[in-house]
Amino acid sequence: MSLVPEDIEAIERATFDAVPPESLHACGPWLVAIDRGTVGRARSAVPLRHAQPAPDALDAIEAVYAAHGLGAMLRVPAAGEYDALRATALGRGYTMGKPTSTFTGSTTAMAALADGAQADLLAVPDDGWRAVFLGEGFDPVDGASRVQIVARARHAVFARVQVKGETVAAGMGSFSQGWASVHGMRTLAPYRGQGLARQILSALGREARRRGFERAFLQVEAANTGARALYRRAGFQPAWDYAYWTGPGLP
């Protein structure tokens with residue numbers, strides 16, 4: 001899928017719509033997210049266009065975080081235009097982690113993944129949906145923070161698959177800025193490999209089409225090879241890569 005600069009901005013704004021920080025601040029061509037939770041997307045600064053940043057960009061971003069009593073975190077695209085910013089960040093003691101890709105695809109392909117009979121949608125996350133994020137094999141602190149953050153989303157639906165009344169797989173779809181997006185895909189360990197994630201994606205794809213959204217995106221870490229393979233089978237392709245740059249003193 002070919003993207004224009006306006007698409008990058010729309011995707012980043014839609015990301016914050018889906019994973020809303022406590023507050024969001026404009027800083028030149030960057031958006032600076034302020035949040036005290038554990039979800040990197042909800043507490044990092046990100047550029048709205050992929051172009052060489054101003055020499056004082058990091059200073060300005062750090063000032064916004066400092067005004068809120070926080071250290072800085074950035075999502076920096078892998079493009080060469082950011083080489084100087086990365087060098088400056090390294091010199092200030094930042095660390096790089098969680099290399100991630102933004103993937104784009106179509107809701108038509110998502111909808112065609114499965115018949116969706118096993119998945120249903122909720123307007124708000126219920127206790128079963130929340131429990132998946134606190135289940136065995138997941139970080140409970142991160143799970144609790146993630147649930148709290150996505151529950152603030154105003155354009156979202158929450159997909160689940162239940163087995164004998166227990167929610168065993170969950171995901172979230174958000175619809176804004178001209179894009180459908182997928183977030184929080186999780187399946188409890190005993191139920192993996194049974195196609196439940198495809199059921200979730202299919203249900204979210206059909207809902208997106210019902211709402212008139214044809215384009216979709218998601219973000220997936222480089223280390224999550226299983227999810228990347230699933231998303232490729234669903235027709236998603238990498239659009240750009242980025243990594244988190246974390247300032248000194250942040251976990």
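Structure values in brief
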read-out: Leading residue by the ranking (farthest from M185 (Cα to Cα)) among those in segment 196-221 that are surrounded by 15 or more Cβ atoms within 10 Å (Cβ to Cβ) and of a type in the set (G, A, S); value: A208
read-out: Test: residue in segment 38-52 that is in contact (Cβ under 8 Å) with a residue 24 or more places away in the chain, touching a Phe, Trp or Tyr at 6+ places or on another chain (Cβ under 6 Å) and among the hydrophobic types (A, V, I, L, M, F, W, C); value: yes
read-out: Selected residue (only one of Q177, Q162, Q118 is within 17 Å of the chain's Cα centre (by Cα) and either of a type in the set (A, V, I, L, M) or not assigned by TED's automatic domain parsing to the domain that holds P77 (or both)); value: Q177
read-out: Segments classed as strands (runs of 3 or more DSSP E), wholly inside segment 1-92, with at least 1 members that are of a type in the set (A, V, I, L, M), within 15 Å of the chain's Cα centre (by Cα) and closer than 25 Å to M172 by Cβ; value: 30-34, 45-47, 73-77
read-out: Criterion (touching a strand residue (DSSP E or B) at 6+ places or on another chain (Cβ under 8 Å), modelled with pLDDT under 95, under 23 Å from R130 (Cα atoms) and not hydroxyl-bearing (S, T, Y)) met by exactly one of L250, L188, L201, L218; value: L188
read-out: Selection from segment 216-251 of residues that are in contact with a Ser or Thr (Cβ under 8 Å, 6 or more places away or on another chain) and charged (D, E, K, R); value: E221, R228, D241
read-out: Selection status of M110, over 20 Å from R13 (Cα atoms), touching a helix residue (DSSP H, G or I) at 6+ places or on another chain (Cβ under 9 Å) and not aromatic (F, W, Y); value: yes
read-out: Among the candidates G137, G143, residue that is surrounded by 19 or more Cβ atoms within 10 Å (Cβ to Cβ), small (G, A, S), touching a helix residue (DSSP H, G or I) at 6+ places or on another chain (Cβ under 7 Å) and at pLDDT below 95; value: G143
read-out: Segment 222-233 - residue that is in contact with a strand residue (DSSP E or B) (Cβ under 6 Å, 6 or more places away or on another chain) and farther than 21 Å from D83 by Cα and, of those, surrounded by the most Cβ atoms within 10 Å (Cβ to Cβ); value: Y231
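Let's see how each residue does on (1) buried (at least 21 other Cβ atoms within 10 Å of the Cβ); (2) modelled with pLDDT of 95 or more; (3) in contact with a Pro (Cβ under 9 Å, 6 or more places away or on another chain); (4) not polar (S, T, N, Q):
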| site | (1), (2), (3), (4) |
| --- | --- |
| C27 | no, yes, no, yes |
| I34 | no, yes, yes, yes |
| L58 | yes, yes, no, yes |
| Y82 | yes, yes, yes, yes |
| T108 | no, yes, no, no |
| D115 | no, no, no, yes |
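The values are calculated or read from the model by the stated rules, or taken from the named source; none is laboratory data. In this text the structure is predicted, and so the values were computed from the model without any measurement. All Cβ positions, glycine included, derive from the backbone under ideal geometry; neighbour counts span all protein chains shown.
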